[in-house]
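Contents: one structure, followed by commentary.
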Amino acid sequence: MQVLYTLLLAVIGVAAGFIGSMTGLGGAVVIMPVLAIFLGVPVEYAVGASLVATIATSSGAAAAYIRDRITNIRIGMSLEIGTTMGAIGGALAAAAIYAHNLSDAILVLFGIALLSSLYVMLRRKSRAVTTKGDRSTRILQLDGSYYDKSSKRNVHYKGVRWLWGELVMICAGFLSGLLGIGSGVLKVLGMDSAMRLPIKVSTATSDFMIGVTAVTGSGIYWALGYIRPTLVAPVVVGTAIGAYMGSKVMENERNKIITRVFLVILVIVAVESILRGVGIA
């Protein structure tokens, strides 16, 4: 039974990593509710496993994106200031919630956050890439280019309004530390809508960033004893594999049909999480 359980965790990780990489949501949006709701893992341990798995999602997807020069590392590292600060605050807030035996509140908050993220993602449209920079563009050198395989051309861009993007990252980091999710949608939204980066650059840079954010939160969860190696190990291995597979698909084209199917599944998961959190099985 233990072997089958371990294999099940690995399969869950593969599916989560693939979804997280393809949609930019982060694999934790699948891992946390599946572990907590369907496998009966205590919420705090499910969140801890999700945070560590998010690191694997970031590593698996980011490697491919960095190799293909889609990720803008300079922009990602400059925005990590906000996500790291937010992650610390979110993890400490989660510790206070668990200390008062309010784990069900995390399920409700997770469902609400997921539905909000999905709404934003469905409404999101890639903004026109700007070739005119502002002061932050010049100071932080927020420009770059990449080769788009789907359109077979070089795309040049300049990031703008860095401060607005940083404020969004603080919120994304807080949700990551609190709920164990990568908050990829908020990160992508900040870079796409606020900073006017191309959608592929936003998604790839988000996958690079969520790992750093998750490391911050998972350190606090580890200190609190909420990370179980026997639970985390198979999930992490599967997530890394799934994330790499998803990145290869997204590299050539964002498959809208697959993405929409995933979003429907995540809506069901979000609703189920809220119902369980309020005591409705």
Looking at region 250-279, which of its residues are of a type outside the set (A, V, I, L, M) and either at pLDDT below 70 or assigned to a loop (DSSP other than H, G, I, E, B) (or both)?
E251, N252, E253, R254, N255, K256, T259, R260, F262, G279
Which residues, taken from region 73-115, are polar (S, T, N, Q) and within 17 Å of the chain's Cα centre (by Cα)?
T83, T84
Inside region 189-230, the number of residues satisfying the requirement of being touching a strand residue (DSSP E or B) at 6+ places or on another chain (Cβ under 9 Å) and either surrounded by fewer than 24 Cβ atoms within 10 Å (Cβ to Cβ) or of a type outside the set (A, V, I, L, M, F, W, C) (or both) is 3
Could we say that Y226 is of a type in the set (F, W, Y), modelled with pLDDT of 80 or more and outside any helix (DSSP H, G or I) here?
yes
Considering each residue of region 165-188, count those that are at pLDDT below 75 and either surrounded by fewer than 24 Cβ atoms within 10 Å (Cβ to Cβ) or among the polar types (S, T, N, Q) (or both), and give that number.
1
Kindly indicate whether T239 is among the polar types (S, T, N, Q), part of a helix (DSSP H, G or I) and at pLDDT 85 or above.
no
Identify, by number, the condition in (1) at pLDDT below 80; (2) under 23 Å from L266 (Cα atoms); (3) in a helix (DSSP H, G or I) that V212 doesn't meet.
(2)
Name the one entry in V30, V14, V34 that is more than 16 Å from G217 (Cα to Cα) and at pLDDT 85 or above.
V14
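The values are calculated or read from the model by the stated rules, or taken from the named source; none is laboratory data. Keep in mind the model is a prediction, meaning the values are calculated, not measured. Here Cβ is always computed from backbone atoms with ideal geometry, including for glycine, and neighbour counts include all displayed protein chains.
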